[in-house]
Structure formats: C-alpha cells, structure tokens
1. Taking ALA55, is it without any contact (Cβ under 8 Å) to a residue 40 or more places away in the chain, more than 12 Å from ligand 1 (Cβ to nearest atom) and within 18 Å of SER277 (Cβ to Cβ)?
2. When you scan segment 40-47, do you find a residue that is under 38 Å from the mean Cα position of the chain (by Cα), more than 8 Å from ligand 1 (Cβ to nearest atom) and among the polar types (S, T, N, Q), even just one?
3. Of the numbered conditions (1) among the small types (Gly, Ala, Ser); (2) loosely packed, with under 15 Cβ neighbours inside 10 Å; (3) in contact with a Phe, Trp or Tyr (Cβ under 7 Å, 6 or more places away or on another chain), GLY512 fails exactly one; give the number of that condition.
4. Any chance segment 86-105 includes a residue that's closer than 30 Å to GLU367 by Cα, in contact with a Leu (Cβ under 7 Å, 6 or more places away or on another chain) and among the polar types (S, T, N, Q)?
5. Would you say SER243 is of a type in the set (Gly, Ala, Ser), crowded, with 21+ Cβ neighbours inside 10 Å and not in a helix (DSSP H, G or I)?
6. Starting from segment 390-415, take each residue that is within 16 Å of ligand 2 (Cβ to nearest atom) and list its partners that are of a type in the set (Asp, Glu) and at pLDDT 95 or above, counting only C-beta distances under 8 angstrom and pairs at least six apart or across chains.
7. For residues that are open to solvent by 20 Å² or more (accessible area, probe 1.4 Å) and either within 32 Å of the chain's Cα centre (by Cα) or under 27 Å from PHE170 (Cβ atoms) (or both), tally how many sit in segment 1-39.
8. Inside segment 395-504, counting only strands (runs of 3 or more DSSP E) that do not spill past its ends, which hold 2 or more residues that are open to solvent by 20 Å² or more (accessible area, probe 1.4 Å) and over 30 Å from ARG533 (Cβ atoms)?
Amino acid sequence: MRIVCVGGGPGGLYFAGLMKKTDPRHHVRVIERNRPDDTFGFGVVFSDATMAGIAAADSEAFRGIGRHLVHWDDIEVNYRGERITSTGHGFSGMSRHTLLRVLQEQACAAGVDVLFERDVASLDAFADADLVVAADGANSTVRHLLRDRVQTTIDLRANRFVWLGTTKPFPAFTFYFKRDDHGLWRVHAYQYAPGRSTFIVECREDTWRAAGLERAAEEDTAAFLERLFAEELDGHRLMTNRSIWRQFPTIRTEPWSSDRVVLLGDAAHTAHFSVGSGTRMAMEDAVALRDALAEHDEIAAALRAYEARRRPQVESLQRAAQASLQWFEDTERYTTLTPIQFTFSLLTRSLRITHEDLRARDPKFLERVDAFVAREAEQQSGAAVGGTPPPMFTPFRLRTLVLTNRVIVSPMCQYLAEDGTIGDWHLVHLGSRALGGAGLVMAEMTDVSREARISPWCAGLYKPEHAAAWKRVVDFVHRETPAAIGVQLGHAGRKGATQRLWEGDNEPLAEGGWPLISASPIPYFADRSVVPREMTRADMDCAVADFARAAGLARDAGFDLLEIHMAHGYLLASFISPLTNTRTDEYGGTLANRMRLPLEVFDACRKVWPDEKPMSVRISAVDWAPGGMEPNDAVEVARLLKAHGCDVVDVSAGQTVADQQPVYGRLFQTPFADRIRHEVGIKTMAVGNISSYMDVNTIIAAGRADLCVLARAHLFDPYWTRHAAWMLGYPLPWPDPYKSMERYTPRFEFRFTGDKS
Ligand SMILES: Cc1cc2nc3c(=O)[nH]c(=O)nc-3n(C[C@H](O)[C@H](O)[C@H](O)COP(=O)(O)OP(=O)(O)OC[C@H]3O[C@@H](n4cnc5c(N)ncnc54)[C@H](O)[C@@H]3O)c2cc1C
Ligand SMILES: Cc1cc2nc3c(=O)[nH]c(=O)nc-3n(C[C@H](O)[C@H](O)[C@H](O)COP(=O)(O)O)c2cc1C
C-alpha cells in the first residue's frame, strides 16, 4: 500500500512507523513542514494507562519512549498559602522534542521515508497514494481542503494560556492558583526531563487584559510571569518556545474520512491540555487505524471501522476534557472552598475520578476529605457525627429539619390516584423507599386543584380527604423510619389533561380533557395539544389561592418539606421561560416580570407553611432550546428565590418545549446545581442521571451540591441507600424487624447481560 502522512507530529510519525513495522512492503512517506528539530512547547504527559496501551501495540516504541520518561505519582495543589498533595496518580512526563526524535528514529529505521521542510498545500501530488493520512495538527491544511466533505466545529474557549518551560524540577504534577491585582492565575507544571519542566499559565481574558498582556512579546510574557511567580520558581528562569498567548480550540469533525483521506490526532479532534491527552489520543488513533487497515481489505471499510471504534472513545474523552476546561474557566467560582475541598473538586473535575477512585489511589487524602465534610456537616446540622462517615451519610439541616443523610428520592408521578386521592400503592411505594434508607423521600408532583392535574390519575391536595390520605403515608414514614418526607406542589398548566406517562408522554387525552391555562396561549405540541388560555389576573389570584390552600393541606398532612414545582414547563415554569411566556404585561418580558407570579405563589405558600419547616423550589436551569432559559438565567432565578426565603433549589432542566435538544450524560444537570450553589450562595439539590454512590459521595465532598436526588435509581432499587451503605461498609441501622440483617452477608452475583447502550 502507498501511504502518505501529512504531518510529522506524534500521530503521523507513530502511525507511519506502526504501518511499516506491520508490513515492510508498505510504502510509507511522512511529509513535515518543519525541520527535524523544530517543535513547539516543551513536555507531554502520559498516564500509566496510556503507556500500557503503547506497550501492547508496539513494544519497540514503548521501550524507546519509556527510557525518557520522568515518572511521578503525586499531584500537588498550591492554593491560599497551603500545599496539598495527593498521591497514587501515576503519570509520566516526556520532552515533546525527545518523543518526536524517538518516533522519527524508529520510523526511519523501519523504512519510512520522512521528508522535512515540505509544506503540503494541496493533495494533487498524492494522486497515486492508496491512503492519505491527515496528521497535520489542529490547524490542519488537509481538513481545510476537505471542507466540503468534512464538517468541522471549532469551539474557541475563553481562557488565555501560554506554554512555557522552566529549569525548576517539579517533583509532582503541580498546580498553582495565585491571585494578584489583575485576577486569578492558574499554573499547570510538571517535569518532563531531569531539570526541565513544562509551565503552562492560564487565566481569564479580563485578567490577561488587565495585566496588559494583549500585546506582550514572548520575552515580556516571560518577564511578567517570572516576577509574578518568583517565589514559586525559586530562582529558576522561564523559557520560551513560540510561547504566545492562545485560546484553546476544541475541535470536532465529522466524518473523519473522505474517500481515501483520513484524519488522525489533533486534525480530527482536540481535548483540553488539562486532561493531558492530545498526544495520547493521536497515538491511540494511530493504533486503531493500523488495526482497522489490517482487518479490512477495502480501504473505505477500514476507515469506517477506524472511526466507529475510535469516535466513542474520543467523544468520551472530549466530554471529560470539556468538564475539566470548564473547571479551569470557572476556578474563581471555587475560591470560597477550603484548600482540601478545593483540591478534591480539582481532582474530580472531569468526572473520571470519583471519591471511590481516590480511596484506591490515596486513602489518606480521602480520609482528610471525609473528615472535613463530616466536621462541616456537624457544624451545619448541629447533629453529632460519629467518626468519619462517607460524605453521603453526613447529616444536613434545613431550618429545623435535620436529614440523616444526603440522598433524596426524587418526586415521581405514579398516576394512580382517584380524583387526587392517593391509596395503598403510594403507602407501599413511598414507604418502601423510606425504609430503603434515603434521608428524604419526596412525594410526587401533587396538584393544587382538579384542573391543575397532569392527568386524571394524578395526586392532589385540593380536598380535605387528600390531606388525610397523605397523612397515612407521612405517619408511616415518621413512625417506622428515620427518613423525612416532602411533597411537591404543582400545577400542570399547558401540560395538563394528558395521558399517563406510559401511555403517551405529554399526549393529550382523547376524551375527558379540560380547558387549560398558561402564561401564553401556546400549545405544547403545536399540532395536537389543547391551546391554553392566557391567564388573566383573576386566574392568577385563583392559582395563588389554590397553591396556598394546598400548602395548608400539606401542613395538615404533616410533611417535613414543601417543594414548589417551577420546572419542566408546567404552569409556573411557563411564566419563567421566554419560550412559553410571550406576554406584554408586567408578567412577561424581563426575568423579574416573568418571575412575578411564581414568587407570588412562593410567598403565599411560605405564609401558610410553618416557619420552622423548609421550602424548596424545583427549577429547569436550561430549556435546551434556542431563545430559552440558559444557565446564567437560572442563577438569577435562584437569586430571586433566595431573596424570598427559599431554603434550597432543586436544580433540574428542560421539558419546557417539545423540540428541546438536551445534552444527556452522567450527572448532566449537576453543573447547574454547582454553579447556582457557588454563585448565589444558596443550598442546592443535584438531580439527573446520578446513579452510583461514588457519584453521590463525589458531588457532596466536592461541594457541587448539598443533596443528591435520584429518581430512576430508586425505581430500580428502593433500597439504594442501604445497598450503598453496605458497599461502603457504613453501618446504617436496620429497622427492628429486619435486625437479623446485621448478621447476614449477601452474596451478590451480578452478571450484566442486557444491552442498555
Ligand atoms: C499548551 C499545550 C499543552 C499540551 N500539553 C499536552 C500534554 O501534556 N500531553 C499531551 O498528550 N498533549 C498535550 N498537548 C497536545 C499535543 O501537543 C497534541 O495533541 C499532539 O501533539 C497532537 O499530535 P498530532 O500528531 O495530531 O499533531 P501535531 O503534534 O500538531 O503535529 C502536526 C504536525 O504537522 C505538521 N504540519 C502541519 N501542517 C502541515 C502541512 N500543511 N504540511 C506539512 N506538515 C504540516 C506540523 O508542523 C506538525 O509537526 C498540548 C497542547 C498544547 C497546545
Ligand atoms: C416515573 C417518573 C415520574 C416523574 N415524576 C416527576 C414529578 O412528579 N415531578 C418532578 O419534578 N419530576 C418528575 N420526574 C423526573 C424525576 O424526578 C427526575 O428529575 C428525573 O427522572 C431525572 O432523574 P434520574 O436521572 O435520577 O431519573 C419523574 C421521573 C420519572 C422517571
């Protein structure tokens, strides 16, 4: 096969060498615009796992690279005058220059034809090649030449960064966070060769501008940063090598090939340097492309197989990199955290490392984190915390309510009530989840009037007998379990008079429906939903009174917490979102206007609801639709709620409009709770795809939310919290009739054979 690699970076050189080693009959040529010794930057990082991958693919390359690695296990975080070290991370640094030299030598020794100082500006010269590999980096010329066939998105991130070197030999992967008059500076530093370290400095754009670095030449940048980090550099100088300030471009392309041209490495995708994976991804691409070509006779099939194998891995890493770069863009937000929690937040930023991973890597560090969370919880709740429980098993106070742990059963409609009256199903459903160990069990969206229901089978609190039915459940939970129980009051608005979830989500009833009201007369499904009537002031008075009456009934039933549903496109949410509120009166337009009715409802409920009991509000932090609510709007919503005495915001998202485009994923809504918690200084609940106890412990310990709300995980396993306790070795007491469990060891045999991908 005749192969041309455009670009002699790590990706192109490694691929060329691999192909030639696999079959010496291949004719492989690398064309590189620079000279052999030119390279930007200083060092690259490999994790131990990456090196294991290289060892499996190409033992010669592994040996060649391995000789030059500087290995370290520690990550050191310098913040607010404290140095916190965590160990067990297993990374190696290497000079980019040396890496390229090793790969060049190995490629040449294998018989690859490497041409330097040739700039590729068109593909015309490669008409006779069977395969052209575009390994020409982030600014790929080949990708540009293919622009009609390959779609590229470049997300240029806001922070500024510069890649420098220093002679200071950092013994650990070192982070500095340092404030000066201009703002907060972040440094990512690691040793890549004896007496040589990479020193990347990153900051917000306003900090960079305030420091006058916009027009700084390389020497000015180095001089400024040497002064700023004089203490940290300890007499060592900074070195430049095309050290210009840049913004990181996250590059995504689709597809990765066209005809016989294929993209590899940075040309196809990039991942922020804070996850140190760009070189690794390029080299993993090279292995995957080599394997695909070996497995398929036809080039087109091989290129499809290469992309099918690599794309999910690359996208997963890009998601982690996205979370990581956001943490560094938002670091200012976390500077109220104490050094130990700040470090934990930093280490777990990309969601790849959890609380449990850190137990394996560095149990002593984790012990410090857990002790911090426990002492903070003790102070916050006023409840004694014996020893150092896992973060999820620490208490939490909301007014006089002290929850025994941080796990909440999310409100989930059951569609099994009769004219709003709940029955045995609810007793068993909520009762068993309370027995299952959660600190707080939330009853489903419970409607404030008959017309406020989502469906004819929804639970209500609009008749005295409703309170009596709920009281039976509340009393059971209080009598038999340590759990608290809350209720979510709602009004369906334009999403009313629909079928049950399992019969047709948001689908209008075929018969037996009723007139709907909403902020504006916009139906949920344009083609089939009932058009709601735009609410008049009289309708609003009625709704406020209904909510207040329901709050009184909830009080009579003995609930511990009252939540107002202002999310998911229901009545109050329809006022908040500009997509569903097009009013021109004082209830539409600005966010303050759109929040007017929801806040009136909140205030009316707060008046009726006992002072000593807490109130929460569920919001949709984003609408996932153009022109809709965005996370910064949600921050303002939370600010208003806080000003009105809301104790905790339950941060959900979406379900406002039928054509939403949500970005799902593990913990996909947690960043909104995190942002609101820190920017508004209000307690938050995180919800959405939280399913493992590792994630709950991580969220609580990092301070991303105060409480974790799990819905489907609790349908799957009502004893979710008990099982988490068992896995963590935490002695959660069993109810008396189940005491024999204390001498029982379950033998789990968990074989997963279902495909839920
Ligand atoms: C500040 C910073 C820090 C980083 N830190 C790390 C890290 O710690 N660890 C890590 O793994 N990665 C890191 N990276 C990323 C890493 O450098 C890249 O992801 C990696 O080099 C990608 O390899 P590549 O072969 O795809 O592309 P490149 O290394 O960019 O190689 C492309 C090559 O193609 C050549 N070329 C381009 N156009 C043409 C043309 N038209 N004709 C001929 N030749 C051409 C270029 O000269 C270059 O040599 C960092 C990147 C930055 C910006
Ligand atoms: C069966 C079911 C019923 C639900 N009913 C409600 C509800 O009454 N009120 C509400 O705010 N959210 C409701 N939701 C949404 C959940 O409370 C939760 O926000 C969502 O399922 C995401 O959490 P999860 O990933 O843990 O399931 C419901 C979800 C399910 C699966």
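1. yes
2. Filtering segment 40-47 down to residues under 38 Å from the mean Cα position of the chain (by Cα) leaves 40-47.
If we keep only those that are more than 8 Å from ligand 1 (Cβ to nearest atom) as well, we get 42, 47.
Retained after the next criterion (residues that are among the polar types (S, T, N, Q)): 47.
Scanning segment 40-47 turns up at least one residue that is under 38 Å from the mean Cα position of the chain (by Cα), more than 8 Å from ligand 1 (Cβ to nearest atom) and among the polar types (S, T, N, Q).
3. (3)
4. yes
5. Spelling it out, SER243 is indeed of a type in the set (Gly, Ala, Ser), crowded, with 21+ Cβ neighbours inside 10 Å and not in a helix (DSSP H, G or I).
6. Within 8 Å, the pairs are ARG406/ASP706; PRO411/GLU444; PRO411/GLU563; MET412/GLU444; CYS413/GLU444; GLN414/GLU444.
7. Here the count works out to 2.
8. 401-403
The values are calculated or read from the model by the stated rules, or taken from the named source; none is laboratory data. Because the structure is predicted, anything quoted here is derived from the model rather than measured. With ideal geometry, Cβ positions are generated from the backbone for all residues, glycine too; neighbour counts draw on all protein chains shown. Note: accessible area is taken over every heavy atom of the protein model, side chains too, but ligands, DNA and RNA are not part of it. Shrake-Rupley method; radii C 1.70, N 1.55, O 1.52, S 1.80 Å.
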